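The structure under discussion appears below in the form of C-alpha cells.
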Amino acid sequence: MYTFGCPETAEYGARSVASEYVDTVEQKGRRPMSRSGPLPVDPIAEAKRQWTAHGWADAASGMSAVTSIIRAQQLMLARIDAALKPFRLSFARYEMLRLLGFTRAGRMPMASAIARLQVHPTSVTNTVDRLVRDGLVEREPHPGDGRAAMLVLTPAGRDLVERATDALNAKVFADPGLSGDDTVELVRILARFRKDAGDFAEPRPLPDPL
C-alpha cells in the first residue's frame, strides 16, 4: 500500500496512500494484503523524504500525519476483525448492537442510531437488515411516528454483544499497543482535531442538581 515511498518503485507513480485507502473502503472492508514480517524500512518515513526531495516540504509533515493515521486505523481494524471473527460480526454490526445494549430498554429510534453512529443512512439500513436476518435485532413501529421505526435488541443480540465486548476488551481495548500516557494524549489530540473539524460541539455544562 505504501510502496510509493520506496525509491525502487518509482514507476508506481504518484498515487497517494489516501486514494488507495478509499479503494479499500469501497471494496467493502477488504484489508491490505498481510505480510510475513515487518518491512525493513518505514515506508511513511521514506515517503516523507521523497515529498521533501520533490519540493513538497511544506506538505511533508501533514502527509506523514494523514497516512500514519490511515495505516494505524488499518492495523487497529485488523485486530478488531480478528477479535470479532468468532462471533461472525463486523465492527459495524457490533457498534449497532453495542449502541442498543447501552440503552435502558435495549431500543432506540432508527434516526437516533444513524445520528450516533455518524454513517450514511443506507449503511445503517444494511447493517440493521443483516442483524434482523440473524435474529439479533427487531424492527418495531415507532410509538409516536408512523413513518419511523424502532430498533430493538433481542435476547440473542444482547448475549452476543456482551460476549463480543468481553473479547474486544481483552484482545484490543485493554492493550491498544500504546502506553497509558500515550493513549490519553493521543485521544486528547484526536478529540481536538475532530472538534475543530466539526465532528462534535463542546458539551454544555450540566446544571446543578435540584
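Can you tell me how region 158-210 classifies by the Cα gyration tensor, rounded, prolate or oblate, using a/c under 1.5 as the rounded cut? Cα axes put region 158-210 in the oblate bin.
Model label points for ASN126 and ALA53, set 7 angstrom from Cα along the Cα-to-Cβ axis, are 4.0 nm apart.
Relative contact order for region 88-165: what percent, with Cα pairs under 8 Å and sequence separation of 6 or more? Relative contact order for region 88-165 comes out at 36 percent. Among the chymotrypsin sites (Phe, Trp or Tyr not before Pro) in region 39-132, those located in a DSSP loop and surrounded by at most 16 other Cβ atoms within 10 Å of their own Cβ are TRP56. So what is log10(I(q)/I(0)) for region 88-165 at q = 0.14, 0.18 1/Å, when the Debye sum runs over its Cα atoms only? Each listed q maps to, in turn, -0.38, -0.64. Can you give the net charge of the other residues whose Cβ lies under 12 Å from the Cβ of PRO86, counting K and R as +1 and D and E as -1? Net charge in that neighbourhood comes out at +2.
Counting Lys and Arg as +1 and Asp and Glu as -1 over every other residue whose Cβ lies under 14 Å from the Cβ of GLU140, the net charge comes to +1.
Since every read-out is calculated from the coordinates, none of them should be taken as a lab result. Since we're looking at a predicted model, the values are computed, not measured. Neighbour counts run over all protein chains shown; Cβ positions are idealised from the backbone, glycine included.
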